[in-house]
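Right, one structure below, let's go through it.
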Amino acid sequence: MTRTSTAVRRLATAAAAALLWTATGPTVAQAKPEPKAPQEFVALRDVDRTIIQEIRYITPHNFVGAPVDGYEKPMCILTRPAAQALHKAQTGLLKRGYSLKVYDCYRPQRAVDHFVRWAEDLGDQRMKAEFYPQVDKTRLFADGYIAEKSGHSRGSTLDLTVVKLPAAATRAYVPGERLAPCYGPQKERFPDNSVDMGTGFDCFDTLAHTDDPRIKGAQRANRDLLRGALAEQGFVNLPEEWWHFTYKPELFPDTYFDFPVSRRSLSGRAVTHS
């Protein structure tokens, strides 16, 4: 065999070995695809266009003080039965000159995990003056304000209020602005076009308990208006939070989902307007 043919064989052998290593060697990590919502989930806007949406966790105006993980679009996602029941409640309130306004609906597990990390970071107190002025941050888990699982992640729970029509505009929160306690008089709290419920949304205070005896007059009437309208359609209130309701029976009573809050999570869903 000539030297030339021997060299050619060596080059061919080396090339084959390189190809084999490429095929069997370490592979580049593939991005894990985002989970999708089950077919039973819908965008509230596709069921009822009239319900006001002010999704707080995609903004920095919340107890964390920053946009929360998993919120990619300012939209409310719910199981279809919950959305349809909410539409019926809205129909009744519109006849009385009011509208529902949702603050939060389906909440991904990654958002709940974000809450947990924030609660464990005792040095982050930036939003204390508004959302938990009388609660020591070390007590958030023990007092039930923060938990590792949330009914919101099952898709039939939401946070909402009532707005008198015509709805006034609500100004945007400016990060770093001076904060006022969520339990103060309505004129002193952060502006919200909600009727006066006695506290702001996500107020970590016993005054937010739906039947707290200190809530009287118009504030009591407003809480009863919201609870009554939703109870007629199968929603059950959480006694510790006047804004928190769950539609019963739940489609997914034991499943905690983690798909992002985005239209992409609902890709392929049929749109049915009411």
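Read-outs throughout are calculated quantities, based only on the coordinates presented, and are distinct from any laboratory measurement. Note that the structure is a prediction, hence the values are computed from the model and not measured. Reconstructed Cβ throughout: ideal geometry from the backbone, glycine too, with neighbour counts over all protein chains shown.
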If you go through 199, 170, the only one that is over 21 Å from residue 107 (Cβ atoms), in a loop (DSSP other than H, G, I, E, B) and polar (S, T, N, Q) is 170
Residue 188 being exposed (fewer than 14 other Cβ atoms within 10 Å of the Cβ), out of contact with any helix residue (DSSP H, G or I) (no Cβ under 7 Å at 6 or more places or on another chain) and of a type in the set (Asp, Glu): yes
Those residues of the range 44-82 which are more than 10 Å from the chain's Cα centre (by Cα) and within 21 Å of residue 164 (Cα to Cα), in sequence order: 44, 45, 48, 49, 50, 51, 52, 53, 54
Considering every residue within the range 101-123, establish whether at least one is basic (Lys, Arg) and farther than 26 Å from residue 191 by Cα. yes
If I filter the range 77-115 down to residues being in a loop (DSSP other than H, G, I, E, B) and touching a helix residue (DSSP H, G or I) at 6+ places or on another chain (Cβ under 7 Å), which single residue comes out as nearest to residue 221 (Cα to Cα)? 105
Mind listing just one residue for me: the one in the range 144-172 that is of a type outside the set (Val, Ile, Thr), free of Cβ contacts under 8 Å to residues at least 40 places away in the same chain and closer than 21 Å to residue 114 by Cβ and, of those, surrounded by the fewest Cβ atoms within 10 Å (Cβ to Cβ)? 148
It is to be established whether one or more residues within the range 213-236 are part of a loop (DSSP other than H, G, I, E, B) and touching a Pro at 6+ places or on another chain (Cβ under 6 Å). no
Those residues of the range 110-140 which are crowded, with 19+ Cβ neighbours inside 10 Å and either over 20 Å from residue 203 (Cβ atoms) or basic (Lys, Arg) (or both) amount to 137
Which pairs do you get when a residue that is in contact (Cβ under 8 Å) with a residue 60 or more places away in the chain, found in the range 188-216, comes within reach of a residue that is surrounded by 19 or more Cβ atoms within 10 Å (Cβ to Cβ) and among the hydroxyl-bearing types (Ser, Thr, Tyr), reach meaning Cβ atoms under 7 angstrom, with the pair 6+ apart or on two chains? 194/161; 201/103; 201/161; 203/183; 204/132; 204/145; 205/183; 205/199
